[in-house]
Amino acid sequence: MADTTYAVLRDQLHEERERLREQLQRLGHGPGARPDFDENFADSGHVTAERGEVEALAGQLHDTLEEIEDALVKFDAGSYGECERCHQRIADARLEAMPAARLCINCASQRR
């Protein structure tokens with residue numbers, strides 16, 4: 001894969017990381033965030049349901065953020081694009097579709 005393609009993928013990962021951090025901040029997660037679960041609701045049952053939905057979404061966003069941060073660490077270490085299971089090169093098409101991919105397509109399909 002060309003160095004320019006790697007630069008584009010790295011930029012995409014940085015942009016996605018910032019977008020996820022902003023979303024987590026708005027959901028009340030992260031430094032300086034303040035969740036507003038208890039505002040504008042008439043009963044605590046509604047608040048509890050809202051809190052559960054937000055916590056589930058925040059968990060998914062946090063997991064995705066970790067994957068992106070791991071990919072950026074791999075860029076710095078020089079191991080970006082290497083399958084974590086078989087240690088073979090991940091296909092360029094897979095990296096372009098999923099810049100934070102940890103597994104090659106063969107290992108990912110075996111996992112299912």
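Can you pull the percent of region 61-103's accessible area that's carbon plus sulfur, 1.4 Å probe, other chains left in place?
49
The GluC sites (Glu not before Pro) of region 61-108 meeting both criteria, a DSSP state outside H, G, I, E and B (loop) and at most 14 other C-beta atoms within 10 angstrom of the site's C-beta, are E84.
Taking amide H positions as modeled 1.01 Å from N, with prolines and chain starts lacking one, the residues under 5 Å from E82 and 5 or more places away or on another chain are I90.
The values are calculated or read from the model by the stated rules, or taken from the named source; none is laboratory data. Quick caveat: nothing in here was measured; it's all calculated off a predicted structure. Glycine also receives a Cβ, built like all others from the backbone with ideal geometry; neighbour counts cover every protein chain displayed. These area figures cover heavy atoms from the full protein model, side chains too; ligands, DNA and RNA do not enter into them. Shrake-Rupley method; radii C 1.70, N 1.55, O 1.52, S 1.80 Å.
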